[in-house]
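Notes to accompany the following structure.
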Amino acid sequence: MSPDKIIKIGNREVGDDRPPYIIAEACINHEGEIALAEEMVFIARAAGCDAIKFQMHVLDDEMLRDTPQSENFEESLYDALDRTNLSLDEHHRLKKLCESIGIDYLCTPFSRASADLLDSLDPVAIKVGSGELTNLPLQRHIARLGRPMIVSTGMSTVEEIGETVELLKDIGVPFALTHCVSIYPCPPSMVNIGNIPRYRQLFGVPVGLSDHTSSIYTSLGAVALGACVIEKHLTFDRTLPGPDHKSSIEPDELRQLVDGSKAIFESRGQSREIFEEERQIVAWARESVVSLGPIAKGTRITEAMVSVKRPSPGPGAIPARSLDAVIGRIATGDIDAGRQVLWNEVGGEAP
């Protein structure tokens, strides 16, 4: 296993052949209310998530006031983020809550100033959003903080992703990528989760999925393809107004995502063996060669005289796969109707 394929986030190893690291993305669905943000922490922990992620904005270091908005926003981007932004003290409070109940606190900064504020909280890792994938100065600044990074790749070409990967590898920071399509909500037909094994092969780092569909299906499919990180937006109610609710899942779905991801991960093995628990099924589920009527000693056996039926062959009995080997043999003794035929009754030995 290449060391690049495993990174450490908190107490968890994240990467190939490790259970998926599940992140509940709070985004701005808490509407800037610390009580709602804290409730989201409890929901994520109860669902079994590994982490919950928030956002940290220092708006005047991040954007101009006339930055355009996309269709999922009903107010200017600046105003929406200003209204819902949590203070540094509130982030500190959320981090302490996360630590007290056993879930990782993660956060996304959007500028150098917010990255430095976040670093002062001593997070276990830093999540970098898709919008900053090509912001190489910010990527460099965050990487030099030395914390593990999870870097989303929405709105980017493979060449742009490769440029950022090269930068981060040169610095030597441990990081994972998350494949992402930055549409809110994203139709499943546009998710293209086949990029997850593709990026793992191309870039040699852990790869997951930041999923903006409105269901858990694509995330579960991503786990089946080897995604080591799943990030999914969390909401109290998908019908609420706001830019992210429609691309989020509700608490009961989050629990299903965690349970389903665990089950799919556990099912990904590639070995093939007959398990001990299967052997009791073998006893009745397989077939053996049986006589359809009485067969007298010295008779040459024809297709009309034998068939295959359950149960499984016992000692000396002939398995169904050997039926053709019985045809044309001479019965060495009388064979009663309706029973398993034995190898020594047709002049042969069990292989």
Dimensionless Rg over Rh [the range 1-133; C-alpha; Kirkwood]: 0.99
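Only counting other Cβ atoms within 10 Å, I'd like Ile295, Ile150 sorted with the fewest neighbours first. Before the final figure, lay out the partial values.
Numbers: Ile295 22, Ile150 27.
With the sparsest Cβ surroundings first, the list reads Ile295, Ile150.
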Going by alpha carbons, how many degrees (0 to 90, nearest 10) lie between the helix axis of 88-101 and the longest principal axis of the chain? 30
In a GNM of the chain with a 10 Å cut-off on Cα contacts, which of Asn85, Asn11, Asn192 has the highest mean-square fluctuation? Asn11
Give the span of the range 276-345's Cα atoms along each principal axis, as three whole-Å numbers ordered largest to smallest. 42, 18, 18
In degrees, nearest 10, the alpha-carbon axis of helix 251-266 is tilted away from the dominant principal axis of the alpha carbons of the chain by 50
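Please report Met190, Met155 as a ranked list, fewest other C-beta atoms within 10 angstrom at the top and most at the bottom. Before the final figure, lay out each step's value.
Working: Met190 11, Met155 15.
If I rank by nearby Cβ atoms, fewest first, I get Met190, Met155.
Rank these for me by crowding, Ile301, Ile52, Ile7, going from fewest to most other beta carbons within 10 Å. Mind dumping the intermediate values first?
Details: Ile301 20, Ile52 27, Ile7 24.
If I rank by nearby Cβ atoms, fewest first, I get Ile301, Ile7, Ile52.
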What is the helix-to-structure angle for 34-47, meaning the angle in degrees between its Cα long axis and the longest Cα principal axis of the chain, kept from 0 to 90 and rounded to the nearest 10? 10
Based on the Kirkwood radius over alpha-carbon pairs, what value in µm²/s does the Stokes-Einstein equation return for the translational diffusion coefficient of the range 135-281 at 10 °C and 1.306 mPa s? 94
Near the amide H of Ala176, under 5 Å away, which other amide H atoms are found, from residues 5 or more places off or on another chain, if H is placed in the peptide plane? Met149, Ile150, Val151
Reduced to Cα centres, the span from the range 239-282 to the range 129-172 in Å works out to 30
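Quick check: net charge around Glu62, other residues with Cβ under 12 Å of its Cβ, Lys/Arg +1 and Asp/Glu -1? Working shown, then result.
Values: positive: Arg65, Arg112; negative: Asp60, Asp61, Asp82, Glu132.
Neighbourhood net charge equals -2.
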Structure-derived Rg and Dmax of the Cα atoms in Å - corresponding label in (i) 21.8, 87; (ii) 19.8, 60; (iii) 29.9, 99: (iii)
Hey, what do the phi angles of the range 212-218 turn into as Karplus ³J(HN,Hα) couplings, whole Hz, using 6.51/-1.76/1.60 and θ = phi - 60°, x for Gly and Pro? 10, 6, 9, 9, 9, 5, 5
Summing -39500 (n - 2.57) over every DSSP H run of at least 4 in the chain, dividing by its residue total and rounding to the nearest 500, the 222 nm mean residue ellipticity is -9500 deg cm²/dmol
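A short reminder: the numbers here are calculations on the coordinates, not readings from a lab. Computed from a predicted model, the values in this text were never measured in an experiment. Methodologically, a virtual Cβ is constructed for each residue, glycine included, from the backbone with ideal geometry; neighbour enumeration extends over all protein chains shown.
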